[in-house]
Amino acid sequence: MKRVIDEGPLWGVELLWGPHEVPSGLGAVRGFEEIAREYDRGRRGEAVEFWAKETARLAHLDGESLVLDLGCGTGIYALGIARGTSASMCGLDPTADMLAQAKAKSKAVSWLNAVGERIPIRSGVLDCIFSSQVWHHIADREGTAEECLRALRPGGSLVIRTISHEQLRRKVVFTYFPEILSHQLEVYPSMEDFDRYFGDVGFASIEHLSYALERYQLPSELIEIAERRLWSMFRPITPEGLERGVSELRRYEAGHPGRPIRNDETITLVVARKPKETPSICR
Ligand SMILES: C[S@@+](CC[C@H](N)C(=O)[O-])C[C@H]1O[C@@H](n2cnc3c(N)ncnc32)[C@H](O)[C@@H]1O
């Protein structure tokens, strides 16, 4: 049976701390406050149902499972997993404006204003932590890995949805906006980085599963995403780089009216498990 909270204890267990007790320097994330209301317009092409099913399969979710979406943003994936499984879902995000969008969509999920570096959930409670397109925004990744290990039950799974460097190098969007690729390669953790974050704190059997889902997007959709900076990758672009990419997309549009561009959803799931034998740190 699904368990939900609005205020107060989560799944019958008191939270460890409230939203105002985050360490200084952490909290709402710049850039996301400004785009929170428009954020979902840039995510229409994602196969949420597929990722929810894949998470359920990899983490063996069932009606008893307690799942956290870490960095849930506007709740797209927390709600997708809630719809696609019988697990009880909770979404956590430090940016109140993003979380406000999630809260407005559904009360079927419990929403927490908090940071990954300080998950307010007691040790050993969660069956799965899912996290989509978040780790490149996290300030203290080692600390967050440690928190994930603490909050998971022995044998619990961490499922990270990210883009590998190899996938970034082949992304079609960068053929139009090449100047942002080098920045993305600096910002996104590599697979070796993930192995280190999770291996160092004691996760076992860390796997990288690579996917390419066929996807077509109209040039007008990509232009809107770029101009409104709906994907954070567009934040550092220069006016000239933006102008050049938009002009090329407009040229394509004029030459191929109504024809979308193939821009596959290339994703890597990093899956790590908390060892069954490791005693959790008690708080
Ligand atoms: C690109 S959005 C992804 C949102 C959602 N997971 C999705 O895939 O649509 C990144 C989110 O990570 C959140 N975030 C940034 N730093 C974080 C941290 N330290 N802990 C948890 N979430 C964080 C941001 O507030 C933002 O909502």
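Nothing in this text is a laboratory measurement; each read-out follows from the coordinates by a stated rule. Keep in mind that what you see is a predicted model, and the values were worked out from it rather than measured. Here the Cβ positions follow ideal geometry from the backbone for every residue, glycine too, while neighbour counts run over all protein chains shown.
Points worth noting:
- Potential lengthening between residue 187 and residue 139 on full extension [0.36 nm per residue; Cα-Cα distance subtracted]: 16.2 nm
- Taking other C-beta atoms within 10 angstrom as a stand-in for reagent exposure, 39, 197 fall in the order 39, 197, fewest first.
- Here the stretch 121-136 is scanned for amide nitrogen atoms under 16 Å from the site 7 Å beyond the Cα of residue 235 along Cα-to-Cβ, giving 133-136.
- Rg and Dmax [Cα atoms of the chain; Å; Rg one decimal, Dmax integer]: 19.0, 63
- Cα gyration tensor, the stretch 147-283 - rounded (a/c under 1.5), prolate or oblate: prolate
- Under 10 Å, Cβ to Cβ, from residue 126 - net charge with Lys/Arg +1 and Asp/Glu -1: +3
- Number of Lys-Lys pairs in the chain with C-alpha atoms under 19 Å apart and a separation of 8 or more places or on different chains: 4.
- Approximating the spin labels as points 7 Å out from Cα along Cα→Cβ, the residue 34-to-residue 210 distance works out to 3.4 nm.
- Label-point separation in nm, residue 53 to residue 195, each point 7 Å along Cα→Cβ: 3.1
- 5 angstrom amide H check on residue 111, placed H, neighbours 5+ away: 91
- For the stretch 95-100, Karplus couplings with θ = phi - 60° (6.51, -1.76, 1.60), whole Hz, Gly/Pro x: 8, 4, 5, 5, 5, 4
- On the beta carbon distance between residue 179 and residue 17, with R0 = 45 Å, the FRET formula returns roughly 0.60.
- For residue 130, the residues whose modelled amide H falls within less than 5 Å of its own, excluding neighbours fewer than 5 places apart on the same chain, are 68, 69, 70, 159.
- Inter-label distance, nm, simple model (7 Å from Cα along the C-beta direction), residue 220/residue 165: 3.9
- By the count of neighbouring beta-carbon atoms within 10 Å, fewest first, 191, 98 end up ordered 191, 98.
- If you bin all the Cα-Cα distances of the stretch 47-169 at 5 Å, starting from zero, the percentages per bin are 2, 12, 23, 25, 21, 12, 3, 1.
- For the stretch 171-249, the spread of Cα positions along the three principal axes, ordered from largest to smallest, is 48, 28, 18 Å.
- Taking other C-beta atoms within 10 angstrom as a stand-in for reagent exposure, 62, 40 fall in the order 62, 40, fewest first.
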